[in-house]
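One structure is given below, encoded as structure tokens.
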Amino acid sequence: MKISVRNLEPTKVKLTVTVDPEEFNPYLDEARKEIAKQVNVPGFRKGHVPGKIIDQRIGFGAVAGEAVNNGVPELYSKALETKKIHPMAQPEIDVQDVPESAKDETKLKFVATVERRPDIELPALDGMEIEVAKAEVTDEDINNHHPVQHSAKLLHVGFEVLGQTALFTSRQG
């Protein structure tokens with residue numbers, strides 16, 4: 001499988017993936033098996049029709065279409081993994097070349113355009129100092145911003161830890 005990557009924008013790439021016939025053949029075989037399960041061909045049990053008969057009766061185009069539908073998502077994932085690209089959205093996939101027959105040496109070729117996570121370079125954090133301003137709180141700030149119910153007085157609050165459970169108790173007076 002040959003993969004080329006072209007950056008369209010800082011967060012958008014275009015992957016062009018070309019798949020050799022040897023890599024695409026397992027997807028064609030799987031597509032033939034799936035189609036064989038769905039069709040009735042005289043002289044064969046359902047699901048046991050040879051691949052060559054499927055190509056003759058149903059047509060290689062249907063087999064190739066099924067193989068492309070099943071294979072492109074998996075091949076796209078392999079291409080992303082190989083090139084270490086982390087997508088942020090679903091790709092726009094354009095299948096450009098598909099083999100015309102079982103003996104055709106045309107390589108499967110598709111182009112995927114996808115938004116990806118940007119590359120971010122973090123600075124070294126060793127030795128970096130940050131100044132945090134000291135917060136000053138006055139009594140006036142507390143009285144103005146802290147909702148206090150003046151009618152209820154809570155005189156004692158206690159708690160004890162019992163294993164994994166905390167027990168809170170309160171008394172008035």
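The values are calculated or read from the model by the stated rules, or taken from the named source; none is laboratory data. All figures in this text were calculated on a predicted structure; none of them were measured in a lab. So basically every Cβ, Gly included, is an ideal-geometry build from the backbone, and we count neighbours across all protein chains shown.
Among the residues of the range 1-35 satisfying the criterion of being of a type in the set (Ser, Thr, Tyr) and part of a strand (DSSP E or B), which is nearest to LEU75 (Cα to Cα)? Let's see the steps before the verdict.
Pass one, the range 1-35, residues of a type in the set (Ser, Thr, Tyr): 4, 11, 16, 18, 27.
Restricting the remaining residues to those that are part of a strand (DSSP E or B) gives 4, 16, 18.
Working: SER4: 13, THR16: 11, THR18: 10 Å.
Across the range 1-35, the extreme among qualifying residues is THR18.
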Considering only strands (runs of 3 or more DSSP E) wholly within the range 88-168, the ones with at least 1 residues that are surrounded by 10 or more Cβ atoms within 10 Å (Cβ to Cβ) and modelled with pLDDT under 90 are 156-162
When the range 42-66 is checked residue by residue, the ones that are in contact with an Asp or Glu (Cβ under 7 Å, 6 or more places away or on another chain) and farther than 14 Å from LYS103 by Cβ are GLU66
Taking only pairs six or more apart or across chains, which ones have beta-carbon atoms under 9 Å, a first residue in the range 111-131 that is under 24 Å from VAL5 (Cα atoms), and a second residue that is among the basic types (Lys, Arg)?
VAL111/LYS14; ALA112/LYS14; THR113/LYS12; THR113/LYS14; VAL114/LYS12; VAL114/LYS14; GLU115/LYS12; ARG116/LYS12
Does the range 77-90 contain any residue that is closer than 15 Å to ALA112 by Cα, free of Cβ contacts under 8 Å to residues at least 40 places away in the same chain and in contact with a helix residue (DSSP H, G or I) (Cβ under 9 Å, 6 or more places away or on another chain)?
yes
Within the group ASN70, ASN40, which residue is of a type outside the set (Asp, Glu) and in a helix (DSSP H, G or I)?
ASN70
